[in-house]
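The structure under discussion appears below in the form of structure tokens.
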Amino acid sequence: AYDSPDMIRGIYAGRFFTIYNGEDPEQKYWTLRRKALIFDVPEKPVEISGPDAIPFMEKVLARTISTLKINRGRYAIACTPQGGVFMDGVVFRLEENRFWYVQADGAFETWLIAHSGGFDVTISDPHSRVIQIQGPASMEIMATASDGAITEDMKYFHAGYFDLGGQELYVSRTGFTGELGFEIYCQGEKTDHIKLWKHLMQCGEPHGMEFSSTKCMTVRRIEAGILGNITDMDMTMTPFEAGVGPFIDLDREGWVGREALIGKDQRPLLLGLTCSKAVPGRGSIVLDGDKEVGVMTAGVDSPTLGCGLGYVRFNHADDWVGRQLSIRLGNGDT
């Protein structure tokens with residue numbers, strides 16, 4: 001019922017997802033901002049469990065994990081030994097020594113296994129698919145879906161198991177849009193996915209919730225300043241250059257990449273850019289006069305701002321904020 005002959009699928013973290021489904025992206029965008037949308041997203045939870053789960057995760061992640069409470073989430077980055085950004089995602093503590101890392105695009109499960117020598121841990125795939133319900137009506141929708149168990153007392157980055165239409169699902173108050181929203185983590189073969197989907201759609205219908213591809217989500221995540229791994233930041237950038245230095249616990253020793261980051265320039269190279277006359281696409285060149293100073297990693301048409309918007313990766317750190325620059329688009333126009 002939700003497929004279109006115009007559907008375009010992509011692959012992310014080894015999973016298919018809907019990039020475009022023939023809809024009007026701007027109509028979906030305003031439904032997201034004013035009501036709610038439901039998305040079938042390709043984020044991949046990886047489970048890390050065992051007696052050494054905490055010391056292991058504090059080796060492979062640049063964020064302190066030991067202080068994370070059960071049923072809480074925390075944004076965490078994994079660095080390469082050279083200090084580059086390898087992966088970003090959210091860690092959830094399900095039990096004392098059982099965690100899920102909900103990863104972005106990339107081979108993180110393999111990376112974890114490669115670093116697990118000497119640790120009593122199990123790295124496994126819980127085969128969880130993720131659904132996001134985002135938008136101002138999402139709280140009321142999730143309250144209905146959980147028979148009143150989910151309320152405003154559930155704060156951002158809080159999580160837990162809830163009965164949704166007779167099935168137990170893990171739910172977190174998180175998302176990829178900058179809007180009020182929730183993520184629902186299916187429990188592999190234990191979950192009747194069609195039953196769950198019908199239940200959520202039934203609960204969302206009175207509030208105007210609609211299904212959407214991720215096209216409008218991309219617009220909203222750029223407006224909200226949310227970065228895409230590999231797209232906006234990658235192994236050739238340090239977390240400081242990507243502007244995510246506040247999520248790096250440099251004072252804590254022993255994690256992969258720390259030594260390479262000590263003493264590094266902490267000024268960002270990745271910044272937001274607005275363009276009143278065009279929508280700068282990925283690969284558009286940013287110019288300071290006649291000099292090439294950066295390249296666009298992503299660009300969208302922002303309905304809220306009424307202009308082009310995107311991220312530019314500068315070639316070197318400087319006082320770029322507030323500067324007036326020009327862009328050479330993919331067709332050669334400036």
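The values are calculated or read from the model by the stated rules, or taken from the named source; none is laboratory data. Quick caveat, the model's predicted, so the values are computed rather than measured. Positions of Cβ are backbone-derived with ideal geometry, glycine not excepted, and every protein chain shown enters the neighbour counts. Surface accessibility is based on the protein's heavy atoms, side chains included, excluding ligands, DNA and RNA. Shrake-Rupley method; radii C 1.70, N 1.55, O 1.52, S 1.80 Å.
Compute the relative contact order of the chain as a whole-number percentage, counting only Cα pairs closer than 8 Å that sit 6 or more residues apart in sequence.
About 18 percent, as a whole number.
Would you mind getting me the FRET efficiency between residue 333 and residue 75? Use the beta-carbon distance for r and R0 = 35 Å, nearest 0.05.
Once the sixth-power term is evaluated, E becomes 0.40.
Return the calculated 222 nm mean residue ellipticity for the chain, to the nearest 500 deg cm²/dmol, obtained by summing -39500 (n - 2.57) across DSSP H runs with n ≥ 4 and dividing by the residue count.
-4500 deg cm²/dmol
Set the Förster radius R0 to 25 Å, insert the Cβ-Cβ distance between residue 167 and residue 8 as r into 1/(1 + (r/R0)^6), and round the FRET efficiency to 0.05.
The formula returns an efficiency of 0.25 here.
Using the scaling law 2.2 N^0.38 Å as the reference, what is the normalised Cα Rg of the stretch 74-215?
Relative to the 2.2 N^0.38 Å estimate, the stretch 74-215 comes out at 1.14.
Compute log10 of I(q)/I(0) for the stretch 23-94 with the Debye formula, placing one identical point scatterer on every Cα and leaving out solvent, at q = 0.17, 0.26 Å⁻¹, to two decimals.
Each listed q maps to, in turn, -0.76, -1.21.
Just the accessible area for residue 52, please: 1.4 Å probe, Å², rounded to the nearest 10?
50 Å²
With a Cα-only, solvent-free Debye model of the stretch 1-53, what are the log10 I(q)/I(0) values at q = 0.14, 0.32 Å⁻¹?
Result of the Debye calculation: -0.53, -1.20.
Which one, 317, 159, 62, has the greatest fluctuation when you compute a Gaussian network model over the chain with C-alpha springs under 10 angstrom?
317
Relative to a virtual label point 7 Å from the Cα of residue 288 in the Cα→beta-carbon direction, which members of the stretch 226-257 show backbone nitrogen distances below 18 Å?
241-243
Give me the percent of Cα-Cα pairs in the stretch 1-149 that sit more than 27 Å apart, rounded to a whole number.
35 percent
Kindly rank 273-283, 69-79 from highest to lowest mean number of other beta carbons found within 10 Å of each residue.
Put in order of decreasing packing, that is 69-79, 273-283.
Quick check: convex hull over the Cα atoms of the stretch 216-261, volume per residue in Å³, rounded to an integer?
Taking the convex hull of the Cα positions in the stretch 216-261, it is 84 Å³ per residue.
Using a Förster distance of 51 Å, how high is the FRET efficiency between residue 316 and residue 30, based on the Cβ-Cβ distance and rounded to 0.05?
The formula returns an efficiency of 0.85 here.
What's the percent breakdown of Cα-Cα distances in the chain across 10 Å bins, shortest bin first?
5, 24, 32, 25, 12, 2, 0
What is the sum of charges around residue 72, taking Lys and Arg as +1, Asp and Glu as -1, for the other residues whose C-beta is under 10 Å from the C-beta of residue 72?
Value of the local net charge: +4.
In the structure displayed, which of 28/69; 28/59; 59/155; 215/277; 59/291; 44/69 lie more than 32 Å apart, Cα to Cα?
Listed pairs above 32 Å: 28/69; 28/59; 59/291.
Determine the relative contact order of the stretch 8-52: mean sequence separation of Cα pairs under 8 Å and six or more apart, normalised by residue count, in whole percent.
It comes to 37 percent, rounded to a whole number.
For Cα pairs less than 8 Å apart in space and 6+ apart in sequence, what is the mean separation divided by the residue count of the stretch 11-151, i.e. the relative contact order in percent?
34 percent
For the ranges 300-310, 38-48, 148-158, what's the packing order if you count other beta-carbon atoms within 10 Å of each residue, average per peptide, and put the highest first?
Order by mean packing, descending: 38-48, 300-310, 148-158.
Wrap a convex hull around the Cα atoms of the stretch 176-218, take a quarter of its surface area, and give that in square nanometres.
For the Cα atoms of the stretch 176-218, the hull's average projected area reads 3.8 nm².
Starting from the 7 Å offset along Cα-to-Cβ, what nm value, one decimal, do you get for the label separation of residue 277 and residue 143?
For residue 277 paired with residue 143, the spin-label model returns 5.0 nm.
Enter the per residue convex hull volume of the stretch 62-104, computed from alpha-carbon coordinates, in Å³ rounded to the nearest integer.
65 Å³
Rounded to two decimals, what is Rg over Rh for the stretch 211-298 when you use alpha-carbon atoms and the Kirkwood radius?
Value, to two decimals: 1.03.
Share of Cα-Cα pairs in the stretch 113-186 beyond 16 Å, in percent?
That tail contains 52 percent of the Cα-Cα pairs.
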